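The values are calculated or read from the model by the stated rules, or taken from the named source; none is laboratory data. Keep in mind that this is a model prediction, so the values were computed, not measured. Please note: Cβ atoms are built from the backbone with ideal geometry, for glycine as well, and neighbour counts cover all protein chains shown. The accessibility values were calculated without ligands, DNA or RNA, using every heavy atom of the protein model including side chains. Shrake-Rupley method; radii C 1.70, N 1.55, O 1.52, S 1.80 Å.
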Number of protein chains: 4
Amino acid sequence: MAGNTFGRVLRLTTFGESHGAGIGGVLDGCPAGLPLDASVLQTELDRRKPGADGAGPAGTARKESDTARLLSGVFEGRTTGTPIAFFIANEDQRSRDYGELARVYRPGHADVVYDAKYGVRDYRGGGRASGRETAARVAGGAIAQALLAREGIRVQAATVELGGIAVEQIDMDGARTCRYFSADSETVPRWDALIKDVRAAGDTLGGIVQVVASGVPAGLGEPVFDKLDAVLAAALMSVGAVKGVEIGAGFAAARMRGSEHNDPLTPEGFASNNAGGILGGIASGQEIVLRAAIKPIPSIAVEQKTVDCEGRPVRLRVGGRHDICAIPRVVPVLAAMTALALADALLLQRRMGAGA
Amino acid sequence: MAGNTFGRVLRLTTFGESHGAGIGGVLDGCPAGLPLDASVLQTELDRRKPGADGAGPAGTARKESDTARLLSGVFEGRTTGTPIAFFIANEDQRSRDYGELARVYRPGHADVVYDAKYGVRDYRGGGRASGRETAARVAGGAIAQALLAREGIRVQAATVELGGIAVEQIDMDGARTCRYFSADSETVPRWDALIKDVRAAGDTLGGIVQVVASGVPAGLGEPVFDKLDAVLAAALMSVGAVKGVEIGAGFAAARMRGSEHNDPLTPEGFASNNAGGILGGIASGQEIVLRAAIKPIPSIAVEQKTVDCEGRPVRLRVGGRHDICAIPRVVPVLAAMTALALADALLLQRRMGAGA
Amino acid sequence: MAGNTFGRVLRLTTFGESHGAGIGGVLDGCPAGLPLDASVLQTELDRRKPGADGAGPAGTARKESDTARLLSGVFEGRTTGTPIAFFIANEDQRSRDYGELARVYRPGHADVVYDAKYGVRDYRGGGRASGRETAARVAGGAIAQALLAREGIRVQAATVELGGIAVEQIDMDGARTCRYFSADSETVPRWDALIKDVRAAGDTLGGIVQVVASGVPAGLGEPVFDKLDAVLAAALMSVGAVKGVEIGAGFAAARMRGSEHNDPLTPEGFASNNAGGILGGIASGQEIVLRAAIKPIPSIAVEQKTVDCEGRPVRLRVGGRHDICAIPRVVPVLAAMTALALADALLLQRRMGAGA
Amino acid sequence: MAGNTFGRVLRLTTFGESHGAGIGGVLDGCPAGLPLDASVLQTELDRRKPGADGAGPAGTARKESDTARLLSGVFEGRTTGTPIAFFIANEDQRSRDYGELARVYRPGHADVVYDAKYGVRDYRGGGRASGRETAARVAGGAIAQALLAREGIRVQAATVELGGIAVEQIDMDGARTCRYFSADSETVPRWDALIKDVRAAGDTLGGIVQVVASGVPAGLGEPVFDKLDAVLAAALMSVGAVKGVEIGAGFAAARMRGSEHNDPLTPEGFASNNAGGILGGIASGQEIVLRAAIKPIPSIAVEQKTVDCEGRPVRLRVGGRHDICAIPRVVPVLAAMTALALADALLLQRRMGAGA
């Protein structure tokens, strides 16, 4: 209820701050018998890691090994059905002076609202509101992806637009190894050039990420308030950088006619996928296709107007080692959230249906 | 867990099918002492009602008085803190032959996935998956709006685009009494003309609805997974017709630079509202601004390809008394969902903060 | 969260007050395909009904037909997987003057604490705190029992002590048709005589009820905080009249040695059942055996000292049509709560285990 | 949902196994601004610690320093409103051969049901089902007690019966420093003698623990299913050793008349406390008085009949370093669970009432 738990039957509770002891989580509800060791988490964490190769010139200079340690729930290489706890120690908390940031509200950050809500605030690097919190999502999501893989479900995420430059084709398979996790390797050089310019200007960029889940069985999801698309929208929107979520035709659907938007059914299956794989909140068996709008990173080197915690005007230039764009690091985070939501729906589903 | 309850401490559980005894709900967690009678629910229900004046030429021909009866939780004109149950009897369930629809999957509808999920299906008019289910949301939302009004919070919703024709200005106050609940009365004649044409062609339309909440106190909402924008995105996406949700600059943020998107803080408050009133998942005290993409109504008179429940190809022309567009009837539904989410967040908030 | 919902995946939400429009509930999460009509609810409601034959001379004079109407979730005689709503209209709300009870706190009743909690109170016959609220539990529990029956699980409840007079043998099967739902028909005449005396004295009695669930599969339940015995203890203790709950040897276990209390395992199964069918919170496959202590009815004709809502001393003699003992009417209520808890655990279980 | 989280708005999620890396927990929902450091947890952990002075001759020989480390949620000596994670590393996991216990089901333990439920089992020292799990409850409960102390609420627990020998008077204040946390220091020598005898016989003992909460404000708690006594009963029954729970007069109430059991109200307050401080599920402002029946420790040195995991008969004598009685170590665990339940109810309450 205080916001740090995700899921209904497969529940991930996370903890930790940017510059505290570390980031961690507890995944409860994972079935027994799943092969698991720390390397499963590490593979996904490495994709999100600061300074990872995939990050390209958009990456931060902060160095963290992001090494996950399993604390419970695994015995002789398999899950036991008990909670799986993991912990990622913070290593590179530079002993810098936070004096200024302790009192100044950075525009576009949660500083001002955390003070409004809690009265106190861990101002070191954003505290709990830091993007570093997403490491725990990726670790938990890695376990969810292992669960889904057993059921033949795969979640992929790829960048389809960056700084206003969209890809020209979509290759979800190729994105995993492509720079920026781009859905189109042809577009990468243009993004490289743009990022170089924007970095020089001390500014930052946003973009659009597409997530596709394949192998999701027809009938998955709940009706009415917990529609599968509602759950997925919340999952993605819960990532700090996301400002919009759409499914299937999404906002374009608002400009289509019914005769154009409806996906015809044929004996061979659906003839199109404007619905994005979900009808009435329940999976249709087609690919689930989501897109998330990523806002530009708020930490910019350009001078900004802001106030301090007593409301006095301040001119701020955010230095430090910041990303130019949340892409590509947010890409595995969005895949992790989608995997957690789908694995939760799948375990919840087990109890329903005619034969239950 | 089966999808029919919304909220954490203010919880609305709904029930009922399109052609069963009726539609109803139980709102649990409403504080004691709130003045309430059935007229509070009725005022909002009348705005959503089939054939309401506001509906204009987009409306259905089904006639329902949609009269809500309060069954519990109110004593001497005030809430008592116990569950508030209400019931809206179905009146106009025409005794038609559903024989065909019992076996044919209507494209764009949930028929096929309900069969996949449940094995059985109440095929009369869509059963639980009918838009008629939203009447209970509107009734519950009316109580939430009364709660919010006591705290100086107001939720307004307006149509900002219909069939691809966008409004040219936004007047949220005027929308309440404007045809289509339009944010711009000037645009209405163009929508009228478009709807006339589309109806003649047996087709349907979508659009975009904007929801604005004002008076929301800074600090409202939870961090991480239950960010206020994540909760609101789920609330809106849980309405069947919605295919996308964005907040503040939304998808446009993906194309902005950080220096452009960040809202500067000044001693007088924020200088812009690209964030849409939420930072790090927590209300900033600005207006909360959301937009939802509404897909075209799937019931079209144009002939469509589909299959029956044994997978055999069928040609289907959906007759009956259907809306051309979910707008304007979906407008009070989106306001209701936003009000339910905000009232829930407000009651949850009461327990937090430095002095708790 | 406001207390009116029971269960995790099979969720019963109830509403209604003693002298309002009626009592009702919504059961969400019931699997599709279960044969169901109102008679399933009615059979159990008739066992709890005021003035039922089983009630014997302990019963109230209030006459209610307690007729349940199904409002949703059933189509062509089977559940559809959507919420099952039911309503029991109040019929015999005598138009008496509640003027005194509106201001006086009845000892042993919730009057004083409802005022402390809510500030307002529906004083007509106890409002929501009335035992009449349990009708909705019995109706919901009847559906749970139908679900359990499909899995070969049976819940039985019987009176094993009344007014300090214990039964001498336990026949759970015979109790269903025995006066007071007694586990021993031989004891009934002694209870008859005692009740006659106590009624003449204007006083009331308590007792002990035993609940036995057979056919519960080994492995059912969750560990740690949600142990099956913890869930069952809460289920029974949530009934107003219950002041204590024990499982298996219960309080007697506190006086046993380990060598005496441990149930030996043999190739043919357990050699005894001091555990009461649950080990470490998880069902062992033996019978689950619970006992609940029932306090005497607080509404007595004997004059009592109390205060009014301004704290002034008052002498009160509660007239009206009250039971002498919550037994036998509480017996089907305790069976219903046990059935709801077990059916919920069973549906939750579906998602776990090595092969999930 | 998988059993490892306790609470509604103040939520403790625990993890860890007896012989894994350690035991830990995450407490989410704690208000910001509470002074906290590891010593707050340590003080309570030391009371539960194996080999603590309080344990007397009933204690185990396992040596654990049970040192809690805070991992998050605290900044500059105060809570920040974010999740508080803590970890207690296991130190004394002797590298013994578990070969036999891996295949044999110990009577009175959860071995057999964990295999039935999960298919796999961490057999080292009971794994997750070990009493060692309760260390995390005590650590979380220490924070809850700090929260309650700010509101003037105090939770005390004391032993009132051991091995069938009851105390003759009850001094809750004195119990904190008394051997066995006894409510009556006079009884201690008799318990000493009994334990000496029972240990010599290779057997074990049970007892009864009383928990008293004072300062609980009238009006706390929820009605119907989440009655405060129901929540507390579940909290206590969730501790492995507990086989029964009663409140106020408890099982004795079943033998009282209404005129005897009802607590009269006077202008000075209640004249007695048979209700145990809760009416209709809601706190009356009196002391809340609970008692829990503790079963004898199942690990006995006496030879027992059991089976192995293939159902073959085995003769078992459990060696090792085991307690003779769960008392006194279970005493701070029961206090911790009561504190967690009350702090949760208190934070939940904040949102209710006439002025909410």
Exercise. Distance from the Cα centre of the stretch B:258-327 to that of the stretch D:187-255, in angstrom?
Worked result: 54
Exercise. Cα axis of helix C:38-48 to longest principal axis of chain C: angle in degrees, 0 to 90, nearest 10?
Worked result: 60
Exercise. Rounded to the nearest 0.05, what FRET efficiency do C:Asp92 and C:Ala252 have when you use their Cβ-Cβ distance and R0 = 56 Å?
Worked result: 0.85
For this session: For the stretch B:254-328, just the Cα set please: Rg and Dmax, both in angstrom.
Result: 22.9, 67
Seminar exercise, completed: Expressed as a whole number, the average count of other chain Cβ atoms within 10 Å around the Cβ atoms of C:294-303 is 5
Exercise. Which value in Å is the Kirkwood Rh of the stretch D:133-249 over different Cα pairs?
Worked result: 16.1
Problem set entry | Assigned charges on the beta-carbon of Lys, Arg, Asp, Glu; the stretch A:245-356 dipole about Cα centre (debye) | 440
Seminar exercise, completed: Residue-normalised 222 nm signal for chain D, counting each DSSP H run of n ≥ 4 as -39,500 (n - 2.57), nearest 500 deg cm²/dmol, is -7500 deg cm²/dmol
For this session: Please work out whether the stretch D:246-286 counts as rounded, prolate or oblate from its C-alpha gyration tensor, where a ≥ b ≥ c are the square roots of the eigenvalues and a/c under 1.5 means rounded, while otherwise a/b larger than b/c means prolate and anything else oblate?
Result: oblate
For this session: With only Lys, Arg, Asp and Glu charged, each at its Cβ (+1 for the first two, -1 for the last two), find how big the charge dipole of the protein assembly as shown is about the Cα centre; round to the nearest 20 debye.
Result: 0
Seminar exercise, completed: Heavy-atom accessible area per residue of the stretch C:5-353, all protein chains kept, 1.4 Å probe, expressed in Å², is 30
For this session: Find, among the residues of chain A, the one whose Cβ sits nearest the axis of the rotation taking A to C; state the distance in whole Å.
Result: A:Arg350, 2
For this session: Using only the alpha carbon atoms of the protein assembly as shown, find the Kirkwood hydrodynamic radius as the inverse mean reciprocal pair distance, in angstroms to one decimal.
Result: 32.5
Exercise. Given Cα pairs under 8 Å that are at least 6 residues apart, what percent is the relative contact order of chain B?
Worked result: 22
Exercise. When Cβ neighbours within 10 Å are restricted to other protein chains, what is their mean count per residue of peptide B:282-291?
Worked result: 2
For this session: Using only the alpha carbons, work out the radius of gyration and Dmax of chain A in angstrom.
Result: 20.8, 67
For this session: Assign unit charges at the C-beta atoms only (+1 for Lys and Arg, -1 for Asp and Glu), then state the dipole size of chain C relative to its Cα centre in Debye, rounded to the nearest 20.
Result: 820
For this session: Using θ = phi - 60° and the Karplus relation 6.51 cos²θ - 1.76 cosθ + 1.60, list the HN-Hα couplings for the stretch D:101-106 in order, rounded to whole Hz, with x at every Gly or Pro.
Result: 5, 5, 10, 9, 8, 6
Seminar exercise, completed: So, with points 7 Å from each Cα along the Cβ direction, the C:Ala102-D:Ala271 label distance in nm works out to 2.8
Exercise. Taking amide hydrogens as modeled 1.01 Å from N in the peptide plane, which residues meet the under 5 Å criterion relative to B:Gly81, leaving out close sequence neighbours?
Worked result: B:Ala32, B:Gly33
For this session: Obtain the radius of gyration and the Kirkwood radius of the stretch D:91-166 from its C-alpha atoms and give Rg over Rh.
Result: 1.13
For this session: Enumerate the amide H contacts of B:Val314 below 5 Å, restricted to partners 5 or more residues apart or on another chain; note that Pro and chain-start residues carry no placed amide H.
Result: B:Thr306, B:Val307, B:Asp308
Exercise. On average, how many beta carbons from a partner chain sit within 10 Å of the beta carbon of a residue in C:121-131?
Worked result: 4
Problem set entry | Rough spin-label spacing in nm, given labels placed 7 Å along Cα→Cβ, for C:Thr177 and D:Asp173 | 6.2
Exercise. Where the accessible area of the stretch C:5-353 is counted over protein heavy atoms with a 1.4 Å probe, how much of it, in %, is carbon and sulfur?
Worked result: 48
Problem set entry | Integer Hz, Karplus 6.51/-1.76/1.60 couplings in order for the stretch B:232-245, x for Gly and Pro | 5, 4, 5, 4, 6, 5, 6, 7, x, 7, 8, 10, x, 9
Problem set entry | Cross-link pairs beyond the 25 Å C-alpha cut-off, checked among B:Lys49/B:Lys305; A:Lys117/A:Lys295; D:Lys63/D:Lys305; A:Lys63/A:Lys196; C:Lys49/D:Lys243 | B:Lys49/B:Lys305; D:Lys63/D:Lys305; C:Lys49/D:Lys243
For this session: DSSP loop (so not H, G, I, E, B), at most 15 other Cβ within 10 Å: list which chymotrypsin sites (Phe, Trp or Tyr not before Pro) in the stretch B:63-133 pass both filters.
Result: B:Tyr98
Problem set entry | Listed residue (A:Ala139, A:Ala166, A:Gln210) projecting farthest to the positive dipole end of chain A, Cβ model | A:Ala139
Problem set entry | J(HN,Hα) series, the stretch C:133-147, from Karplus relation 6.51 cos²θ - 1.76 cosθ + 1.60, nearest Hz, glycine and proline x | 4, 5, 4, 5, 5, 5, 5, x, x, 5, 5, 4, 5, 5, 4
Exercise. Based on the Cβ-Cβ distance of D:Ala38 and D:Glu76, what FRET efficiency does E = 1/(1 + (r/R0)^6) give at R0 = 22 Å, to the nearest 0.05?
Worked result: 0.95
